[in-house]
1. Relative contact order of the chain: what whole-number percent is it, with Cα pairs under 8 angstrom and at least 6 residues apart?
2. Over segment 291-336, how many percent of alpha carbon pairs lie in each 10 Å bin up to the one with the longest distance?
3. Taking only the alpha carbons of segment 251-321, what extent do you get along each of the three principal axes, in Å, biggest first?
4. Considering Cα pairs under 8 angstrom that are at least six residues apart, work out the relative contact order of segment 149-257 and quote it in whole percent.
5. Can you give the Kirkwood hydrodynamic radius of segment 170-247 from its Cα pairs, in Å with one decimal?
6. So which chymotrypsin sites (Phe, Trp or Tyr not before Pro) in segment 133-197 pass both tests, a DSSP loop state and at most 10 other Cβ atoms within 10 Å of the Cβ?
7. For the chain, list log₁₀ I(q)/I(0) at each q in 0.07, 0.08, 0.10, 0.12 Å⁻¹, using the Debye formula over Cα point scatterers of equal strength and ignoring solvent, two decimals each.
8. Please work out the C-alpha center-to-center distance from segment 202-224 to segment 102-156 and express it in whole Å.
Amino acid sequence: MADAILVTGGAGYIGSHIVAELARAGYRPIVVDNFCNSSPSALPRLSRIAAQEIRCVTADVRDQAALSRVFAGHAIAAVVHCAGLKSVSEGEAQPALYYDNNVGGAIALVDAMAAAGVKRLVFSSSAAVYGQPDRNPVTESAPLRPQSVYGRTKRIVEQLLEDVAASDRSWRIALLRYFNPAGAHASAAIGEAPSGIPNNLVPLLADVAAERRAEIAVYGNDWPTPDGTGVRDYIHVMDLAAGHVAALAYLASTPGVIALNLGTGRGYSVLELIAAFERACGRAIPRRFAPRRPGDVAAYYADPSRAEAVLGVRAHRDIDAICADAWRWRLNRVDD
Ligand code: NAD
Ligand code: UD1
């Protein structure tokens with residue numbers, strides 16, 4: 001029987017792509033989600049592309065008793081912990097909510113895992129743990145100076161997991177620091193479907209291209225970058241998902257805790273991304289320059305070499321594939 005892998009937040013954007021990739025790799029993913037930022041309607045679509053019935057338990061990860069029932073009911077080999085709140089602006093406005101959900105959720109999960117004797121964990125961390133980097137590309141040994149509530153919740157969970165691994169050498173934990181995930185599954189059956197107004201550039205561009213939004217506001221054209229707009233490392237969500245499958249395999253034979261960047265090593269500016277999206281959708285994307293967004297930084301991109309060496313995977317889908325898949329998903333989306 002295939003190993004069962006619990007994916008918390010598995011109905012969400014990144015989690016659903018990880019579920020699809022786990023199924024493709026021969027695992028049996030099981031989802032726990034409370035649908036606070038996703039919809040149960042993703043599950044039948046996910047089951048279809050996974051070519052297996054994806055089981056889903058509706059529960060909050062802070063509910064340790066509910067998690068313990070999931071562990072008791074299924075022979076779970078490992079956990080991928082994606083459940084969490086991810087909006088930087090919402091985190092600044094509601095810090096207690098973010099600490100409770102992100103840190104409280106991780107504590108309840110670790111306790112439930114320890115009680116069930118399941119000690120292999122992949123955690124969805126973020127490049128937000130670095131804050132403003134001193135230099136690019138950003139390596140895992142760069143200073144950790146998160147500048148937002150959201151980033152601090154991610155770093156606190158990393159510290160919790162480092163301490164858990166130090167307390168008991170049988171834990172195997174990967175802290176995967178995502179740069180800017182974007183794009184969608186090639187089937188266009190799943191993708192990013194935020195409950196409210198999107199925060200991130202690619203779903204906003206898709207909304208403009210689909211004429212759901214009049215224009216894109218480019219936050220600043222006076223950054224110290226080649227064209228004056230912000231530079232980020234956009235990684236295709238399927239390359240990101242493949243990194244999780246590889247991390248689970250790596251942890252099967254390696255105890256301890258490891259932090260790994262998941263990015264491409266290449267930065268693109270906002271204007272370059274707009275041009276790529278225009279190529280993908282065949283339409284002009286109206287844009288206007290707006291003031292810098294508070295909390296933004298000029299440029300950051302990953303040094304992905306440690307992840308490539310340790311996991312043996314490299315992000316190979318480029319910016320055109322990201323935009324083409326995001327656009328196909330935008331056209332196919334029915335749940336809005
Ligand atoms: P998402 O909001 O689409 O997915 C998160 C999922 O977790 C949702 O389905 C939501 O309903 C669920 N969830 C949230 N709190 C929960 C709780 N307490 N109990 C049960 N389920 C809960 O977000 P995403 O983009 O898929 O992000 C997944 C993870 O990756 C998050 O932890 C996020 O912080 C991290 N991350 C995301 C990005 C990004 O750009 N998307 C970047 C870096 C890190
Ligand atoms: C943001 C978060 C980061 C989080 C990530 C994924 C901030 C400061 N950082 O990253 O912590 O991990 O999302 O959720 O919020 N842009 C525009 N116009 C827009 C939207 C964005 O010009 O309408 C620009 C931004 O200024 C930036 C780039 O596009 O230069 C990417 O922005 P975004 O997709 O929001 O990601 P980050 O800011 O990198």
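The values are calculated or read from the model by the stated rules, or taken from the named source; none is laboratory data. Bear in mind the structure is a predicted one, so any value in this text is a computation, not a measurement. Neighbour counts run over all protein chains shown; Cβ positions are idealised from the backbone, glycine included. To get the accessible areas, we keep the full protein, side chains included, count just its heavy atoms, and leave off ligands, DNA and RNA. Shrake-Rupley method; radii C 1.70, N 1.55, O 1.52, S 1.80 Å.
1. Relative contact order here is 19 percent.
2. Using 10 Å bins, I get a P(r) of 19, 25, 36, 20, 0 for segment 291-336.
3. 50, 31, 16
4. Reported relative contact order: 41 percent.
5. When all Cα pairs of segment 170-247 are included, the Kirkwood radius is 15.1 Å.
6. none
7. -0.26, -0.34, -0.55, -0.81
8. 29 Å
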